[in-house]
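Note sheet for the following structure.
The values are calculated or read from the model by the stated rules, or taken from the named source; none is laboratory data. Computed from a predicted model, the values in this text were never measured in an experiment. Neighbour counts run over all protein chains shown; Cβ positions are idealised from the backbone, glycine included. We work out accessible area using only protein heavy atoms, side chains counted, and drop any ligands, DNA or RNA first. Shrake-Rupley method; radii C 1.70, N 1.55, O 1.52, S 1.80 Å.
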Amino acid sequence: MTAIEINGLSKDYLTGFWRKKPRRVLDGLTLSVETGEVFGFLGHNGAGKTTTLKILTSLIAPTEGTARILGSPIGTPETFNQVGYLPENPYFYDYLTPDELLDYFGRFFHMTASQRHERRETVLEQVGLKEFRGTALRKFSKGMLQRIGIAQAVLHDPQIVLLDEPMSGLDPVGRRDVRNLILHLKQQGKTIFFSTHILSDAEALCDRVAILGGGKLVGVGRIADLLRRESGYEAIVECDEPETKRKLEALASMPAVSSGGHFRLEVGEDRVMELHAICAAGRARLISLNPLRFSLEDYFVGLLDRSTPAAVDRTGPHS
Ligand code: ADP
């Protein structure tokens with residue numbers, strides 16, 4: 001079943017002194033996320049990620065387009081119960097303890113006292129904060145606050161969890177904790193849709209990603225497919241003989257780079273046998289041979305170079 005279905009979603013914000021100037025920050029986004037997926041929503045700052053998440057949680061209305069969560073239109077009671085949301089940089093009242101905070105949020109979802117107690121125990125265990133349940137939040141680190149934020153988002157046991165930049169601003173330990181939590185939620189069969197501009201987090205976690213640039217979808221797919229590259233290999237060769245070096249250079253598909261007595265060259269798949277033969281004949285040592293692969297970063301930068309920059313001003317030129 002499709003967990004999230006987004007169809008032609010656009011958003012114009014009214015800007016300017018009299019708020020009369022519509023500025024399109026999300027432009028015809030169409031996307032679907034399957035149940036059980038960890039889906040990464042990537043894009044530079046200002047790409048429109050938070051705007052999309054706010055529309056999905058009905059905090060703001062779209063200018064155009066529709067979205068459905070588990071088959072129901074967004075904003076209906078069914079979707080409220082099925083969605084958990086962690087906003088970017090959540091702020092919780094400093095003097096509350098995790099127990100008090102979660103009890104408070106449980107009331108929003110009309111949970112009975114025993115349901116609140118049971119879910120509190122479960123989620124505090126899940127996010128590893130049971131021993132801090134009575135500690136005021138003002139004493140929490142950023143990573144702990146993010147974990148209590150996730151506890152809040154999953155308190156009512158939703159099927160879909162929306163996380164806005166959950167790893168941003170965390171130290172390596174905090175990031176690892178949040179990554180593990182996301183994987184734990186996936187094991188429970190939840191669908192996780194999270195925005196990020198940290199590509200390594202997306203690489204580590206996501207089944208699929210969508211890339212947003214200037215409010216438009218510029219790429220979507222499985223990370224493995226997005227990163228697949230024309231067949232070719234990177235070879236590192238140790239070689240002193242000028243004649244062998246010349247032959248290797250002639251073989252390379254890109255200019256070879258030499259450093260510290262080593263040669264780095266890229267060769268096409270069909271030239272690998274030749275590479276071996278030249279190395280064997282010329283007493284060169286083949287140190288490593290690895291398939292070429294784009295990093296998500298290369299892919300991302302390549303796509304954004306080709307996409308529309310910045311958001312679109314719908315009113316045309318102004319004096
Ligand atoms: P992201 O989450 O990808 O960083 P956002 O969705 O927060 O992007 O913002 C997209 C664009 O919309 C940005 O240029 C931002 O300044 C603008 N924007 C966000 N909220 C508002 C608002 N309430 N009014 C006007 N412009 C806004």
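With the other protein chains left in place, how much accessible area per residue, in square angstrom, belongs to the chain at a 1.4 angstrom probe? Present the calculation step by step, with values, prior to reporting the outcome.
On the way: 16240 Å² over 319 residues.
In whole numbers, the chain has 51 Å² accessible per residue.
Rounded, prolate or oblate for segment 46-202? Axes are the square roots of the Cα gyration tensor eigenvalues, ordered a ≥ b ≥ c, and the cut-off for rounded is a/c under 1.5. Walk me through the numbers before you get to the answer.
On the way: a/c = 1.70, a/b = 1.21, b/c = 1.40.
Cα axes put segment 46-202 in the oblate bin.
Note the per residue figure in Å³ for the convex hull of the C-alpha positions in segment 145-283.
Values: hull volume 25.1 nm³, N = 139.
In segment 145-283, the Cα hull volume divided by residue count equals 181 Å³.
Using the charge dipole of the chain (Lys, Arg: +1 at Cβ; Asp, Glu: -1 at Cβ; taken about the Cα centre), state which of Gly134, Pro158, Leu292 has its Cα farthest towards the positive end.
It is Gly134.
What does the convex hull of the alpha-carbon atoms of the chain project to on average, in nm²? Let's see the in-between values first.
On the way: hull surface 91.3 nm².
Its average projected convex-hull area is 22.8 nm².
Give, rounded to the nearest 20 debye, the magnitude of the charge dipole that the chain has about its Cα centre when Lys and Arg contribute +1 at Cβ and Asp and Glu contribute -1 at Cβ. Can you show the working numbers first?
Numbers: 39 positive and 40 negative charges, 173 e Å.
So the magnitude is around 840 debye.
Among DSSP beta bridges whose residues both lie in the chain, state the antiparallel percentage, nearest 5. Don't skip to the answer; put the middle values down first.
Working: 41 of 60 bridges.
Around 70 percent of the beta bridges assigned by DSSP in the chain are antiparallel ones.
What is the distance, in nm, between label points placed 7 Å from the Cα along the Cα-to-Cβ direction at Ser295 and at Tyr95?
4.7
Counting helices only, and only those DSSP H runs with n ≥ 4, report the 222 nm mean residue ellipticity of the chain as the sum of -39,500 (n - 2.57) divided by its residues, in deg cm²/dmol to the nearest 500.
On the way: 11 runs with 111 residues, N = 319.
Mean residue ellipticity, 222 nm, calculated: -10000 deg cm²/dmol.
Mind telling me which of Val38, Val237, Val220 comes out most flexible in a GNM of the chain, alpha-carbon contacts under 10 Å?
Residue with maximal mean-square fluctuation among Val38, Val237, Val220: Val237.
Placing +1 on the Cβ of each Lys and Arg and -1 on the Cβ of each Asp and Glu in the chain, which of Ala61, Asn81, Leu124 has its Cα farthest towards the positive end of the resulting dipole?
Ala61
Which length gain, in nm to one decimal place, applies between Arg283 and Arg246 when the Cα-Cα distance is subtracted from 0.36 nm times their residue separation?
Details: separation 37, 0.36 × 37 = 13.32 nm, distance 1.35 nm.
Gain on stretching Arg283 to Arg246: 12.0 nm.
If you take the square roots of the eigenvalues of the alpha-carbon gyration tensor of segment 232-291 and sort them as a ≥ b ≥ c, do you get rounded (a/c under 1.5), prolate (a/b over b/c) or oblate? Show your work: numbers first, answer last.
Numbers: a/c = 1.44, a/b = 1.22, b/c = 1.18.
Rounded.
Averaging sequence separations of C-alpha pairs under 8 Å and six or more residues apart, then dividing by the length of the chain, give the relative contact order as a whole percent. Mind dumping the intermediate values first?
On the way: 599 pairs, mean separation 67.1, N = 319.
Here the relative contact order equals 21 percent.
Which value does Rg/Rh take for segment 70-160 over its C-alpha atoms, Rh per Kirkwood? Don't jump to the answer; show the numbers that get you there.
Values: Rg = 13.2 Å, Rh = 13.5 Å.
For segment 70-160, the value is 0.98.
Looking at the chain as a GNM with Cα springs under 10 Å, which of Tyr299, Tyr85, Tyr233 has the largest mean-square fluctuation?
Its mean-square fluctuation being the largest, the pick is Tyr233.
Looking only at Arg246, Arg23, Arg133, which one moves most when the chain is put into a Gaussian network model with springs between Cα atoms under 10 Å?
Highest fluctuation among the options: Arg246.
Can you tell which of Trp18, Gln115, Pro242 lies farthest toward the positive end of the dipole of the chain, using +1 and -1 charges on the Cβ of basic and acidic side chains (Lys, Arg; Asp, Glu)?
Trp18
What is the local net charge at Ser72, summed over the other residues whose Cβ is closer than 15 Å to its Cβ (Lys, Arg +1; Asp, Glu -1)?
On the way: positive: Arg68; negative: Glu5, Glu78.
Taking every other residue near Ser72 into account, the sum is -1.
Suppose every Lys and Arg Cβ carries +1 and every Asp and Glu Cβ carries -1, with no other charges. What dipole size does segment 96-235 come out with about its Cα centre, to the nearest 20 debye? Don't jump to the answer; show the numbers that get you there.
Details: 20 positive and 18 negative charges, 29 e Å.
Its charge dipole is roughly 140 debye.
So how do 95-105, 71-81 stack up, highest first, on mean other-Cβ count within 10 Å? Could you put the intermediate results ahead of the total?
Numbers: 95-105: 17.7, 71-81: 15.1.
With the highest mean Cβ count within 10 Å placed first, the list reads 95-105, 71-81.
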